[in-house]
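Novice: Dropping a structure here in structure tokens format, bear with me for questions.
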Amino acid sequence: MNIRRTLHISLNVLFGHKLRTLLSALAVGTGVAAVVMMVGASKAAQNDTAKKIENLGTDLISVQASRIKNLGGRARHGTRFTTTTLNDIRSIKRKVSGVKRVGGMFDRRANANYKNIKTRTMLMGVEPEVFDIWRISAVSGRLYTQRDEEKIARVCVLGQTTKNNLFGDVDPVGEMIQVGPMQLKVIGVSSQRGLDYRGNDLDDVIYVPLQTAMKRFFNVTYIEAIIVQVYNKDSMDEVKEEITRVLRKNHRIKEGKEDDFTIQTQEQLLKSEMQTEEAFGLLVAVVAGLSMVTGGIGIFAVMLISLRERKREVGLRRAIGARHKDITVQFMLEALILSLIGGIIGIIVGLLGCCIITKLNNWETLIPLSTLAFAFIISVVTGIIFGFYPARLASKMEPAEALRAAV
């Protein structure tokens, strides 16, 4: 058997039906492109999520006044409680070692007006220490202080998105805005924070002193969350355990009873989000796998059609001495060429698609070479699997039968 001659024959056959060959190759290419884009986009999304969580601070612990459970791979707030108070913040400061800063918060959506301009934004009551914890500075004016907190002052600091929505390019410091039923004096504009790991705009916010939010806006005696910054991130687990003990004692939770709060470190948050990304990636992988099967079926159909059209050729080759193996190799080679063409097209399209997706989302493009190799190997395997049966059918044809069928 002359492999070079067999390859030449196979290429002539395939390129003798250019459109059919192209469509079959595209069917395989679609699956390969889906695999490349899926892995590339998933890796980029995971990397972006990790960076955003790390930017929030790897030395932070959050205490939520609710039970948070993972549903569908994503953290969901379950039962909310009203037992977490300002006293818990003071207790953590006094009793928990290794704590650098502690700050409470309470937020709700609210309508804000300036003259005839309106916007809906997040009204976030936070203690001044939260600015230091979140590394927020003032790009204009100033941030409110502990004195403003104690006075329950009617002042606010605008996030840059809210500032742009209400004032455009004008400096808002010193202006009065209407938030719900109350007038607030703008004393500063906060530095940009960008988007969080879920895509929410962290700058679409109005910061007010926590007690101003609790007493003047929402009339509550409890808070929704406590943000804790530790001195040493290696001691996170110990600090977390101490906070748990302090809060359970403050909330008078008996032994064996479930906590009425949830404590999360940034590492736990990262793991939770990574699980969500991986679950989504698995779903897309299934879709990509189905696309590969569709491409394989395309190769299978093309090879059967080719066999039917070339029964006379097969009969003549068998009559002049071609072995079963020679016919099998020829048809397998044709199926392999189809899958190789599809694999190359799929990798190119997948790379372009991945670059577009990451560019639109401002993600870093990450496509491991192992992924490209894996996608290419999958395309080759698809050609071999779906080309084997037609090749076997062709090799088993007897010369006389093939010639009669071709007449």
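The values are calculated or read from the model by the stated rules, or taken from the named source; none is laboratory data. Here the structure is a predicted model, which means the values were calculated and not measured. Note that we place each Cβ from the backbone using ideal geometry, even for glycine, and neighbour counts take in every protein chain shown.
Novice: Of everything in the stretch 98-114 that's aliphatic (A, V, I, L, M) and over 22 Å from F167 (Cα atoms), which residue is modelled with the lowest pLDDT?
Specialist: V99
Novice: Further question: Looking at (1) at pLDDT below 70; (2) more than 39 Å from the chain's Cα centre (by Cα); (3) buried (at least 19 other Cβ atoms within 10 Å of the Cβ), which one does Q330 not meet, given that it meets all the others?
Specialist: Q330 satisfies every listed condition except (1).
Novice: Continuing with this model, one more query. Out of I117, I136, report the one residue that is modelled with pLDDT under 95 and either surrounded by 14 or more Cβ atoms within 10 Å (Cβ to Cβ) or out of contact with any helix residue (DSSP H, G or I) (no Cβ under 7 Å at 6 or more places or on another chain) (or both).
Specialist: I136
Novice: Now, a different point. Report, ordered by the first and then the second residue, all pairs with beta carbons closer than 7 Å, sequence separation of six or more or different chains, a first member in the stretch 352-368 that is surrounded by 11 or more Cβ atoms within 10 Å (Cβ to Cβ) and outside any loop (DSSP other than H, G, I, E, B), and a second member that is among the hydrophobic types (A, V, I, L, M, F, W, C) and modelled with pLDDT under 80.
Specialist: Taking only residues 6 or more apart or on different chains, the pairs are C354/A41; C354/I367; I357/A41; T358/A41; T358/A44.
Novice: Let me ask another. Taking the stretch 213-233 only, how many residues are in a helix (DSSP H, G or I) and under 27 Å from the mean Cα position of the chain (by Cα)? Outline the logic, then answer.
Specialist: To start, the set of residues in the stretch 213-233 that are in a helix (DSSP H, G or I) comprises 213-218, 233.
After this cut, where a residue has to be under 27 Å from the mean Cα position of the chain (by Cα) as well, the list is 233.
Residues in the stretch 213-233 being in a helix (DSSP H, G or I) and under 27 Å from the mean Cα position of the chain (by Cα): 1 in total.
Novice: Next up: Residues that are closer than 30 Å to W363 by Cβ and either in the same structural domain as L360 (by TED's automatic domain parsing) or in contact with a strand residue (DSSP E or B) (Cβ under 9 Å, 6 or more places away or on another chain) (or both): does the stretch 140-156 have at least one?
Specialist: no
Novice: Filter the stretch 54-68 for residues that are among the hydrophobic types (A, V, I, L, M, F, W, C) and either assigned by TED's automatic domain parsing to the domain that holds G353 or modelled with pLDDT of 75 or more (or both) and give the result.
Specialist: L60, I61, V63, A65
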